[in-house]
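In what follows, a single structure is set out as structure tokens and then discussed.
The values are calculated or read from the model by the stated rules, or taken from the named source; none is laboratory data. Note that the structure is predicted; figures quoted are calculated from it, not measured. Neighbour counts run over all protein chains shown; Cβ positions are idealised from the backbone, glycine included. When the accessible area is computed, the model is the full protein with side chains, heavy atoms only, and any ligands, DNA or RNA have been set aside. Shrake-Rupley method; radii C 1.70, N 1.55, O 1.52, S 1.80 Å.
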Amino acid sequence: MELRQLKYFVAVAEELHFGRASEKLHVSQPALSQQVQLLEDEIGVDLFIKVQRTQFRRVALTEAGNAFLNEAKNILESSNKAIETARRVGKQQKEITLGIYRMMIRTRVVEIMKVFAINFPEIEVKLVELPTFLAVQDALNNESIDLGITLLPLKHNNLVETPFKTGYLKVMLSENHPLAQAENLRLAQLKNEKWIEINKSLHTVFEDIEQMCRKAGFSRESFIVQEVSSIELLGGLVSLGVGIAFVPSFYDASRVQGVVCKALVNADGSPFLEVAIAQAMCYKASKVSPTVQALTALVKDL
């Protein structure tokens, strides 16, 4: 569960209108609806009365939704207070080293650096690029960096994680691919496709992906035509039609010319959530400082 999803739910619950809530939050209505649906799926209950919305175009809370609204507001209020407290005490340290991994999406790095600069303009954040997300964890463990962005799970018990982005899988194809016009895709449609894949040594969910494909009745092993070390190169090869690829749902492919991304769904059309890719901000527990805690608190809403 993400704070962003709680914010979206509270906005819809207060406005009782998805359109007005999306305008208030400055997000698209489909994105808002998807996040609310994911929240309901995770909790396991309906927060809004489905029949009211689908048949009468009205938004109304269920009994569970009303109860959850108060708790969600309390969580958001506590989070804001924690950030403000951390912000006040976080001005003691003037320089922070932030480790990132080479496969990390560049726009995500820029987004995080922008948030840091806006909230703590007096703190200098120095980026340290490391070859893999595991190398980031090692650098935190040996104290060569103060903060690190990595993928979960953690391999060192003395590291503290703050997850800030959980993605699932979507499929990237050349815009000329026969499936490029489909609204969404099911695993069964991808049998016998050629694949571009991230090197196994850099991949956090490779085995999970292989297992889900085997459950769907096929293996990609002999159909991976190219392994790459960066998501930028992966996008370039897909655009040329060399193969297709799985990418995280939080990856913005709009800047990659010649490709389209399609949501992966189950046979019944529901979102495919079997494989999760979680990013986290981490630090070493024994080396924590008020500044590190303050910067970490900011990523929870990203």
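The dipole here belongs to segment 66-160: it is taken about the Cα centre, uses +1 on the Cβ of Lys and Arg and -1 on the Cβ of Asp and Glu, and is about 180 debye. In the context of the full set of protein chains, the chain has a per residue accessible area of 50 Å² (1.4 Å probe). Each peptide in 17-23, 5-11 was scored by the mean count of other Cβ atoms within 10 Å over its residues; highest first, the order is 5-11, 17-23.
Solvent-accessible area of I75, all protein chains in place: 80 Å² (probe radius 1.4 Å, heavy atoms, ligands and nucleic acids excluded).
For segment 215-302, run through the GluC sites (Glu not before Pro) and keep only the ones in DSSP coil with at most 16 other Cβ atoms within 10 Å of their Cβ. Each step should come with its number before you reach the end.
Numbers: sites: E221, E227, E232, E274; in loops: E274.
Passing sites in segment 215-302 are E274.
In summary, the aspartates and glutamates within cross-link reach of K200, defined as a Cα separation below 13 angstrom excluding same-chain residues under 8 places away, comprise D208, E210, E221, E227. Each label point was placed 7 Å from the Cα along the Cα-to-Cβ direction; for E23 and E232 their separation is 4.0 nm.
Segment 226-294: percent of C-alpha pairs farther apart than 14 Å? Intermediate results must be reported in sequence, preceding the final value.
Working: 1641 of 2346 pairs.
Taking all Cα-Cα pairs of segment 226-294, the fraction more than 14 Å apart is 70 percent.
Between the labelled values (i) 20.8, 59; (ii) 22.4, 77; (iii) 19.1, 55, the entry that holds Rg and Dmax of the Cα atoms in Å as derived from this structure is (i). Peptide packing: for 163-170, 293-300, the average count of neighbouring Cβ atoms within 10 Å per residue gives the ranking 293-300, 163-170, highest mean first. Relative contact order, whole percent, for the chain stands at 23, derived from Cα pairs under 8 Å and 6 or more residues apart.
Take the cross-link list K24/K165; K7/K165; K81/K114; K7/K94; K7/K284; K126/K262 and give me the ones stretching past 25 Å between alpha-carbons. Intermediate results must be reported in sequence, preceding the final value.
On the way: K24/K165 22 Å; K7/K165 15 Å; K81/K114 21 Å; K7/K94 31 Å; K7/K284 29 Å; K126/K262 36 Å.
Correct reply: K7/K94; K7/K284; K126/K262.
With a 1.4 Å probe and every protein chain kept in, tell me what percent of the accessible surface of segment 180-302 is carbon plus sulfur. It is 47 percent, rounded to a whole number. Compare the Cα positions of A263, L69, G148 along the charge dipole of the chain (+1 at Cβ of Lys, Arg; -1 at Cβ of Asp, Glu; about the Cα centre) and return the one farthest towards the positive end. Going by the charge dipole, the pick is L69.
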